[in-house]
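The structure appears below as C-alpha cells.
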Protein chains: 4
Amino acid sequence: MAGNSFGNIFRITTWGESHGKALGVVVDGVPAGLELCEEDIQLFLDRRKPGQTGISTPRKEDDLVEILSGVFEGKTTGTSLSMMVKNTSQKSRDYSQIADCYRPGHADYTFDEKYGFRDYRGGGRSSGRETIGRVAGGAIASKILKEMGIDVFAYTTAIGPVKIDRENFDRNAILLNPTAMPDNVANEQALAFLQTARANYDSVGGVMECTVTGLPAGLGDPVFEKLDANLARAIMSIGAVKAVEIGDGVRVSESLGSENNDAFFADETGIHKATNHSGGTLGGISDGAPLVLRAYVKPTPSIFQTQHTVNRDGENTEIAIKGRHDPIIVPRAVVVMESMTALTVLDALLLNMTARLDRIVEFYGS
Amino acid sequence: MAGNSFGNIFRITTWGESHGKALGVVVDGVPAGLELCEEDIQLFLDRRKPGQTGISTPRKEDDLVEILSGVFEGKTTGTSLSMMVKNTSQKSRDYSQIADCYRPGHADYTFDEKYGFRDYRGGGRSSGRETIGRVAGGAIASKILKEMGIDVFAYTTAIGPVKIDRENFDRNAILLNPTAMPDNVANEQALAFLQTARANYDSVGGVMECTVTGLPAGLGDPVFEKLDANLARAIMSIGAVKAVEIGDGVRVSESLGSENNDAFFADETGIHKATNHSGGTLGGISDGAPLVLRAYVKPTPSIFQTQHTVNRDGENTEIAIKGRHDPIIVPRAVVVMESMTALTVLDALLLNMTARLDRIVEFYGS
Amino acid sequence: MAGNSFGNIFRITTWGESHGKALGVVVDGVPAGLELCEEDIQLFLDRRKPGQTGISTPRKEDDLVEILSGVFEGKTTGTSLSMMVKNTSQKSRDYSQIADCYRPGHADYTFDEKYGFRDYRGGGRSSGRETIGRVAGGAIASKILKEMGIDVFAYTTAIGPVKIDRENFDRNAILLNPTAMPDNVANEQALAFLQTARANYDSVGGVMECTVTGLPAGLGDPVFEKLDANLARAIMSIGAVKAVEIGDGVRVSESLGSENNDAFFADETGIHKATNHSGGTLGGISDGAPLVLRAYVKPTPSIFQTQHTVNRDGENTEIAIKGRHDPIIVPRAVVVMESMTALTVLDALLLNMTARLDRIVEFYGS
Amino acid sequence: MAGNSFGNIFRITTWGESHGKALGVVVDGVPAGLELCEEDIQLFLDRRKPGQTGISTPRKEDDLVEILSGVFEGKTTGTSLSMMVKNTSQKSRDYSQIADCYRPGHADYTFDEKYGFRDYRGGGRSSGRETIGRVAGGAIASKILKEMGIDVFAYTTAIGPVKIDRENFDRNAILLNPTAMPDNVANEQALAFLQTARANYDSVGGVMECTVTGLPAGLGDPVFEKLDANLARAIMSIGAVKAVEIGDGVRVSESLGSENNDAFFADETGIHKATNHSGGTLGGISDGAPLVLRAYVKPTPSIFQTQHTVNRDGENTEIAIKGRHDPIIVPRAVVVMESMTALTVLDALLLNMTARLDRIVEFYGS
C-alpha cells in the first residue's frame, strides 16, 4: 500500500534506501511565496549527520541536498517541491551476514515476512537514512512556522540513567553538545556513560523532548484528528521510538484531578493557564500554552555482542554484528522529532483555517 | 475540516453530541458476508455504560444500538453500515455554569477558541459519549478479527498507585470487576482507593493495556504507516490519554541493547522471539508475537472542589462542578482502547493484502 | 473498501438502501456558525421527490429529513452533522423477480460478482434513493456558497431529441417545469415525447447542465486535483451518467485553436474573457468566468418490455419488469448534479485558502 | 494543498516543471516482486516524446528515465519507487513574452491568480511535460496488469473532422502512425488536415479512446468510488481534455431504454452481455465486458496568430506566440490516457481484494 506519505494539506512523500542511488522527498502543498534555498534544508540535514562526535559512527556522509522542483527565482511556487540527496559513501561490500540472518531488534525478519525478500544493504528502506526525507520536509515546515512566530525545538532529556537538570536548561547548548542535551553537565555525564557502554559492546536508550511555542489556541480537531493524536503517530513513526507522551504523560496515571487540572486565569494579555500539566492541548485542541512532547527511544539494536538468531532458511544460528554503529540513536533522532512535530503542527494550522464560516467569508471577501 | 473518520479501507465516521438527539457511526468498508446483529454491538456498548458499579456515575443510559443499513438477511452487504444510539437520559437542565465558564481540564476553552462557540450541554462533541461510535465500529472489527483467529482484549493495569500483579492475571475477571482489572486483589484495593478519592471530592488516573494475539507477521508499513504509529494515534485520540507505549515502552530508555533485543529462535512450528520487549512489532511491522500496548489516562477533570478559572467574558472566577461524574475514566475507557486497537489492526490486515505481487496474482487467478 | 465518502475538507459520507430502515449522510467539515435548519435541507430533497408530475412515478415518499447532530441553537457547531430520512413507503412485497434475475442496465449482476450477494429490495444501495445523502449534503454546501455570493444551479437541456432553446432561457421555469427545463416550449415538447415513450413501454435519456457563477479565479490545483477533474468524478459518480463535459466539451475536438481560445481583456472591473469556450477553467483552475458543465444521462434501465437476461443460477431467461418507474431519470437527477457540483466547488474553495503564504500569515495575524 | 498525488493503494506523486532541473514521480504501493527495469519505463516515455514526426515539434528531448529507489536485484521491493527524468534541452532564452502576458487558453492567468506569481519558463508545472511522471507510473501499472491478463491500450479516433473507420481497425498501426490512429487511411487524411492547419498558423482538436480487456467483473465501488467516476477524473485531469465518456457516452441521451440496455446471456464460459453500450460498467462496477472510454481534447492553445490578451499589469495587449508547438495535442496524449487508465484500474483491482469476508479469510488462511 501507499505508506510513504505524511500529512493532509502539507504532505511529504519520501523514498530511498540506505545504500541505493539516492534518497529524497516530494513536499506537496507548500504555500507559494516562501523564500527557500538549499542552505535552509542543509542546516537541518547536517544535524542528523553521523561522524561529528566521538559517540557517533565515524562514517562520513555529506548528504548534500538538491532542490529539483517547486522553487523559482528563490521562492516556492505552490507546486510540488522535490529534493534529493545522493548516496555517496556506500561501497560494495560484504552483506552476506545481514542478507542471510535476521538481526535481533531489526526489521529484517518482518520485511521478509511482508514482502518475501528485502534490500538488505544497510537496512534498505528501514535504515535510519530513511529520515533524510522527513528532515528535509521538516526544514521547510519549520521555516514556514517561524514566519508565523511559532518555534519548534527538540533536544535530549535523558541518555540511559543520565537525565538533564531543568535548572540548567540552556537552549544554545542543544546544537553544540554531541548528545543534543540542553545541559552541559548532563552532557558530560552522558558521554562518559556512552563510553562505558561502547566498551562493553553494548548500546543504550534515551529520551528526547520537543517544545513548541507561539502556537495559537484552536489547532487540532476534537475526535480522530486530535493534535496530540497526530503528534503521537508522527513521533511513533520514527524508528526505535517505543513510547510517546504529552505534558505530564505517564505521570498523570498517578495524579489526582486536583493536581492535574490546569487552572485558567485572565490578565490584560488574555486567557492563560497557571500550569501546563496538559502539555498544551485540551480535548485534542491546542490551548495556547507550549506543546511539550516526549519520546522514549530504544537502544541501538546493532550491538557487537554475539546474539542468538535465525537465518533465512529457518535455522538457529548466531550473529555478531560488525560495522559502524552508534551506541545510541537519540542525539541524531532529535532533529527528526523536531521535523515530524513541525510537519504535524503546520498541517493542523493549515487545516484549521476552515473551522469558522465568518473567517472563510472574510478571507474571500478581502 | 473532516476529522471524524478513522481508517483507510475499514473506516468509521462518527457523529453526535452528549445531549443531542442521538449518536452514531457509519462503518464503511465492512467486507460482505459477515453475520451481524445488534446484539453483537450491544455487548460492546454495554461495557462502556455507566451506572453499573459504585465507582461509576449512577446515571442510567440504556444506549440501545440500532443498525440502520448495510445488513441484509443477517449478513453485511459490503455497503456502508449505519448505527445509531438515541439519547434518552438527557434532560433539559441548568447548563449556565458550564455555558459561561471554562472548566479546567476540559475542552470548553479550546472549542470556543476554535469554533467561536460550543454546544455546552454535557460537553457536546467532546463528551465521553463521543466514543459510542468508536465502540460500535470496534465491535464489528473485533468480530471480523475473531473469524480470523485474532483476539484483541484490553484491561486496567493500574488505578492511581494500585497496580495489578501479573502473577494473578485472570482474563475472566476483566468483565466481572468494576475496575476492569484482571486481578481480583488489585480490584479490591483500587475500589478502596477510589472511595477515598471520591470522599475527598477528587479524581484519579490510571493505566490500561491492550493485548492482541494471533496476528500474522507482516502487518503495517515501514515508514509512516507503521503499525505501532497508527496504534499510537488511535489510542492517543481517546480523550484523557496522555501517553502511549508499546512493549517495554518508556523503560527502553534505560535498557541496554543486549537486554532490549529479542533473540530469534526456530522450532518445528516456525520462527519465534525468545522475549517480547518489542511488544510485537519490528520496524513498524508485526513480528508474530503478541501486540502489547499501554495507555496512561489522566484523572477525570470534573471534580467537586472549587477551582480557579475564567468565564467567556474573560473574567477571573471560580467553579465547583456539580452533577454526576466518575472519579476515574479508565474502566469505561478499556473497551474504547480495545475498539480502537481492533479497528487499527483490521485496517492493517486489509491493507497488507496488496503487499506482494504473487499473492495478488494468485488471489485473482483462483 | 471505504467508498461512501466524498470530499476532502468538506466531506459527506452516505449510507442507506432503497428499502432499508432509513438513508442518511454524515457531513463532516461544516464550518462553525452557519445558520441551518431542516427546512434548508428539505427544500433540496423535495426537488428529487417522485410523484410530483405525470412523468414521474406515482409513489408518494415524504422523505422528511431530520438533523441529528452538529447544529446547536440554530447554528452549525463545526462538528460532524448527521442527517437521516426514514423510509416509509416501502412495503413487504414480492421481490422474487429481481432477486433471481439480473435486470439489464442495472447493477444486479455486478453486485453479485463483487459481494457474492445483494440486497435486492428496490435496488438496495444502487437505487436512486442513494442520492438522498448527496442532496442533503449538497444543500448545506449550496447554502455556504450562497453566503459567499456563489450561485450553483442545474437544469435539463435535453430530453431525447428535444433540446432547450437558449434564447428562451428562463431560470425561474426550472423549478416549475416537471422536466426541470428552463424553457417552457421545450418543456411541453419533452412531456409529449415522454408520453409516447411511456406508451411504448420504453424510456429515454437526456442532458443536464450546471452553471456556477460568482466563483473567484484560482480554485483547483494544477495536476490531479484540477477543478474540472474533480467535477467530472463528482458528476460521473451519479448513477446513469455516461458522459461529462465542461465548456464546449465534445465540440472542442472539431474546433480550431483560433476559435477555441478565449481572448482576455481588461476593463475597470478587472480581467475577463471575451468568450467562455473553456467553461470557466484554465489548466484545471477556475478562471473567473462561469463554470458550465454538462452530463449525458442514459434512459431508465427499468422498462416494461420483455428483455433477455440470465438468472442467478446462470441460466438464460426473460424478464419484463413491473412496478413504478419513471421513463426518464434526468429531471429528478438535476438537483443531484447541482449538489455534487456545490460539494466539489466548496471543497476547492476551502482547500484554496492555503495556496499562498502571505494570505496564511495574514489570516493568523489578524 | 497536496494535489500532486493520484491513487489510493497504488499511488503516484509527481513533480517537476517544464524547464526546471528534472521531472519525476514517486510510485508508492507497488507490490513487491515485480520484475522491473528502466527499459520498461522508457518504452512508455518514448511514446510521448516530441520530434518523431512531421506534425510534432522538432524539439529533441531524450527524456531518459532513471530509477532511484524501490528496485533491488531487478525486482520491486514493495517500498516507494522513485523515478527521475532530467531536463536537458531547455536553454536560457527569452521568456519575457510569456512572463508578462497571459496566453489565451493557457494557465498563465489562473496560476497568477492562485499563487501570486508563476514559473513562466515553458509553462512551468502546467506544461505537458508534467505528464512524464504519470506515464512513468502508468508503465508500471500496465506491466502489473499485463501479468494478470489485463490489457490497456489507447489510440486516436479523430483529428478535427477526420475520424477512424472501425472497419479498418488495426491495433499494430497505433504505435506506427504519427497520429496514433489505428487506421492507416484516416492517418493519412489527418496528416493532410494538420498540414493545412499548420499552414494557417492554427491548431486542431481531436478524440482519443482507451480500451481495457481482460478485466474481471466486480471492480469499483457502488457510490463515489465508481470505476467510471474515477476514470472520468483520471482522464479529465489530463490537460486539454474537455469531455469524457464511457461506452455510448453522449449518445445515450438520445437512446431509448430498449436500445441502450445490454441483454445478458449465458453460455458454457459464463455470463456475458450481448452488446456493450454501457462500456464495461454497470452501477459503477466493472461488468466483465471491455472498458471503453473516450476523451475529447481541445486544440493546442499555442497558435501563431495574433491574439488579444492582457498583461500582468492588467493592460490590454496582443500576443503572437513564437516557438515550437505541435498543432495537435492528441497523438502524444494517447499514452497519457493509457497510463491514467492503467493506474485507475490497478488501484480498483487492489482495493477490491477486501470486498468479501470469505476471500479475506481464505487469503490469510492459505
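The values are calculated or read from the model by the stated rules, or taken from the named source; none is laboratory data. From a predicted model like this one, the values you see are computed outputs, not experimental measurements. For neighbour counting, all protein chains shown are included, and Cβ atoms are generated from backbone atoms with ideal geometry for every residue, glycine included. Note: areas computed on protein heavy atoms with side chains; ligands, DNA, RNA excluded. Shrake-Rupley method; radii C 1.70, N 1.55, O 1.52, S 1.80 Å.
Across region A:91-123, what is the total count of residues that are farther than 26 Å from A:S5 by Cα and not acidic (D, E)? Give the derivation first.
Initial filter on region A:91-123 (farther than 26 Å from A:S5 by Cα): A:91-104.
Next cut, not acidic (D, E) only: A:91-93, A:95-99, A:101-104.
Residues that pass the stated criteria total 12.
What do you reckon, is D:I98 surrounded by 18 or more Cβ atoms within 10 Å (Cβ to Cβ) and over 28 Å from C:S255 (Cα atoms)?
No: the conditions fail for D:I98.
Looking at region D:230-277, which of its residues are of a type in the set (D, E) and more than 7 Å from every other protein chain (Cβ to nearest Cβ)?
At the first step, the residues of region D:230-277 found to be of a type in the set (D, E) are D:245, D:248, D:254, D:259, D:262, D:267-268.
Passing the criteria: D:E259, D:D267, D:E268.
Taking the stated definitions as given, is D:N184 touching a residue at least 60 places away in the same chain (Cβ under 8 Å) and open to solvent by 10 Å² or more (accessible area, probe 1.4 Å)?
In short, no.
I'd like the residue in region A:156-179 that is open to solvent by less than 50 Å² (accessible area, probe 1.4 Å) and part of a helix (DSSP H, G or I) and, out of all such residues, is nearest to A:T213 (Cα to Cα).
Of everything passing the filter in region A:156-179, A:I174 is nearest to A:T213 (Cα to Cα).
Would you check if there is a residue in region C:264-271 being within 24 Å of C:M337 (Cβ to Cβ) and modelled with pLDDT of 95 or more?
Here is the first cut: in region C:264-271, the ones within 24 Å of C:M337 (Cβ to Cβ) are none.
No: zero hits.
Filter region A:181-209 down to the residues that are farther than 25 Å from B:H277 by Cβ and touching a Phe, Trp or Tyr at 6+ places or on another chain (Cβ under 9 Å) and list them by number. Explain how you work it out, then say what you get.
Pass one, region A:181-209, residues farther than 25 Å from B:H277 by Cβ: A:181-189, A:191-192.
A:M181, A:P182, A:D183, listed by residue number.
In region B:155-197, which residues are over 19 Å from the mean Cα position of the chain (by Cα) and charged (D, E, K, R)?
Scanning region B:155-197 gives B:K163, B:D165, B:R166, B:E167, B:D170, B:D183, B:E188.
Could you check region A:25-34 and list, in sequence order, the residues that are at the interface with another protein chain (Cβ under 7 Å from one of its Cβ atoms) and either within 21 Å of B:L227 (Cβ to Cβ) or hydrophobic (A, V, I, L, M, F, W, C) (or both)?
Hits for region A:25-34 are A:V26, A:A32, A:L34.
Would it be correct to say that A:F111 is within 10 Å of chain B (Cβ to nearest Cβ), hydrophobic (A, V, I, L, M, F, W, C), in contact with a strand residue (DSSP E or B) (Cβ under 8 Å, 6 or more places away or on another chain) and in a helix (DSSP H, G or I)?
So A:F111 passes the test.
Out of all the residues in region D:1-24, which are of a type in the set (F, W, Y) and within 12 Å of chain C (Cβ to nearest Cβ)? Explain how you work it out, then say what you get.
From region D:1-24, those of a type in the set (F, W, Y) are D:6, D:10, D:15; that's our starting set.
D:F6, D:W15 - these are the residues of region D:1-24 that are of a type in the set (F, W, Y) and within 12 Å of chain C (Cβ to nearest Cβ).
Any chance you could count how many residues in region C:337-366 are aliphatic (A, V, I, L, M), more than 7 Å from chain A (Cβ to nearest Cβ) and either within 15 Å of C:G7 (Cβ to Cβ) or free of Cβ contacts under 8 Å to residues at least 24 places away in the same chain (or both)?
Count: 8.
Look at A:I41 and say whether it is at pLDDT below 95 and among the hydrophobic types (A, V, I, L, M, F, W, C).
Considered against the rule, which asks whether it is at pLDDT below 95 and among the hydrophobic types (A, V, I, L, M, F, W, C), A:I41 comes out as no.
Quick one: count up the residues across region B:272-302 that are farther than 20 Å from A:L256 by Cα, open to solvent by 10 Å² or more (accessible area, probe 1.4 Å) and among the β-branched types (V, I, T).
Final tally of qualifying residues: 2.
Which pairs turn up if I take residues in region D:165-179 that are at negative phi and look for partners that are loosely packed, with under 12 Cβ neighbours inside 10 Å and among the small types (G, A, S) with beta carbon separation below 8 Å, at least 6 apart in sequence or on another chain?
Partner pairs satisfying both residue conditions: D:P178/D:G54.
Taking the condition touching a strand residue (DSSP E or B) at 6+ places or on another chain (Cβ under 9 Å), open to solvent by 10 Å² or more (accessible area, probe 1.4 Å) and more than 18 Å from D:S237 (Cβ to Cβ), does D:F117 pass?
Against the criterion (touching a strand residue (DSSP E or B) at 6+ places or on another chain (Cβ under 9 Å), open to solvent by 10 Å² or more (accessible area, probe 1.4 Å) and more than 18 Å from D:S237 (Cβ to Cβ)), D:F117 qualifies.
Kindly check whether there is at least one residue in region D:133-147 that is modelled with pLDDT of 95 or more and more than 30 Å from D:N187 (Cα to Cα).
Yes - at least one qualifying residue is present in region D:133-147.
For D:L231, state whether it is modelled with pLDDT of 95 or more, buried (at least 21 other Cβ atoms within 10 Å of the Cβ), among the hydrophobic types (A, V, I, L, M, F, W, C) and under 30 Å from D:R48 (Cα atoms).
yes
Would you mind stating whether C:I98 is assigned to a loop (DSSP other than H, G, I, E, B) and at pLDDT below 95?
It is false that C:I98 is assigned to a loop (DSSP other than H, G, I, E, B) and at pLDDT below 95.
Residues B:G214, B:G239, B:G218, B:G249: which one is under 19 Å from A:L293 (Cα atoms), in contact (Cβ under 8 Å) with a residue 60 or more places away in the chain and either small (G, A, S) or open to solvent by 40 Å² or more (accessible area, probe 1.4 Å) (or both)?
Values: B:G214 fails: under 19 Å from A:L293 (Cα atoms); B:G218 fails: under 19 Å from A:L293 (Cα atoms); B:G249 fails: in contact (Cβ under 8 Å) with a residue 60 or more places away in the chain.
Every option except B:G239 fails the conditions.
Anything in region B:252-269 that is open to solvent by 10 Å² or more (accessible area, probe 1.4 Å), within 30 Å of D:A32 (Cβ to Cβ) and in contact with a strand residue (DSSP E or B) (Cβ under 7 Å, 6 or more places away or on another chain)? List them, or say none.
Within region B:252-269, B:N261, B:A263, B:F265, B:A266 qualify.
Out of everything in region B:318-332 that is buried (at least 18 other Cβ atoms within 10 Å of the Cβ) and within 12 Å of chain A (Cβ to nearest Cβ), what residue ends up being farthest from B:V25 (Cα to Cα)?
It comes out as B:I319.
Could you tell me how many of the residues in region B:134-155 are in contact (Cβ under 8 Å) with a residue 12 or more places away in the chain, open to solvent by 10 Å² or more (accessible area, probe 1.4 Å) and out of contact with any Asp or Glu (no Cβ under 8 Å at 6 or more places or on another chain)?
The total comes to 4.
Counting only residues that are more than 18 Å from the chain's Cα centre (by Cα) and modelled with pLDDT of 95 or more, how many does region B:328-366 have?
Qualifying residue count, region B:328-366: 16.
Taking region A:285-305, which residues are of a type in the set (V, I, T), closer than 27 Å to A:L346 by Cβ and facing chain B (nearest Cβ under 7 Å)?
Once the filter is applied, which keeps residues that are of a type in the set (V, I, T), closer than 27 Å to A:L346 by Cβ and facing chain B (nearest Cβ under 7 Å), region A:285-305 yields A:I285, A:V297.
Regarding C:V30, is this residue part of a loop (DSSP other than H, G, I, E, B) and either open to solvent by less than 10 Å² (accessible area, probe 1.4 Å) or without any contact (Cβ under 8 Å) to a residue 12 or more places away in the chain (or both)?
So C:V30 passes the test.
What do you reckon, is B:L282 facing another protein chain (nearest Cβ under 7 Å), closer than 26 Å to A:Y109 by Cβ and not β-branched (V, I, T)?
Judged against the criteria, B:L282 is a match.
Only one of (1) more than 7 Å from chain B (Cβ to nearest Cβ); (2) small (G, A, S); (3) surrounded by fewer than 22 Cβ atoms within 10 Å (Cβ to Cβ); (4) assigned to a loop (DSSP other than H, G, I, E, B) is not met by A:A192, so which one is it?
With (1) more than 7 Å from chain B (Cβ to nearest Cβ); (2) small (G, A, S); (3) surrounded by fewer than 22 Cβ atoms within 10 Å (Cβ to Cβ); (4) assigned to a loop (DSSP other than H, G, I, E, B) applied to A:A192, the lone miss is (4).
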